[in-house]
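Heads up: the structure comes next, in structure tokens.
Quick note: the coordinates plus some simple rules give every number you see, no bench work behind them. Worth saying up front: this structure is predicted, and the values here are computed from it rather than measured. Glycine also receives a Cβ, built like all others from the backbone with ideal geometry; neighbour counts cover every protein chain displayed.
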């Protein structure tokens, strides 16, 4: 969930999904993925019914993702500390 949110999204009018439909960007903010870690520049997109997080963005921030049949485990690359699980 967002811990801060701004409506200042002049660089992001809409995003395009894989089927070429578009979603309106309503805001940009910061989310906490654990009590110690947060990610900035997350987009709030109208019409999305799910929370999406970029694996590439996580890797750029020093996290790694382990995909299992029913979950993904996100941990720090440098210490292997589990940060959160997703489904």
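Residues 43, 58, ranked from the fewest to the most other C-beta atoms within 10 Å, line up as 43, 58.
Could you list 28, 42, 1 so that the one with the fewest beta carbons within 10 Å of its beta carbon is first and the one with the most is last? Could the numbers behind the result be given before it?
On the way: 28 19, 42 22, 1 7.
With the sparsest Cβ surroundings first, the list reads 1, 28, 42.
Which ordering of 19, 78 is given by a fewest-first count of other beta-carbon atoms within 10 Å? Could the numbers behind the result be given before it?
Values: 19 5, 78 9.
Lowest count first: 19, 78.
Going from the alpha-carbon gyration tensor of the chain, what semi-axes, largest first and in whole Å, does one get by taking the root of 5 times each eigenvalue?
25, 16, 11
Considering only alpha-carbon pairs that sit under 8 angstrom and 6 or more positions apart, the relative contact order computed for the chain is 19 percent.
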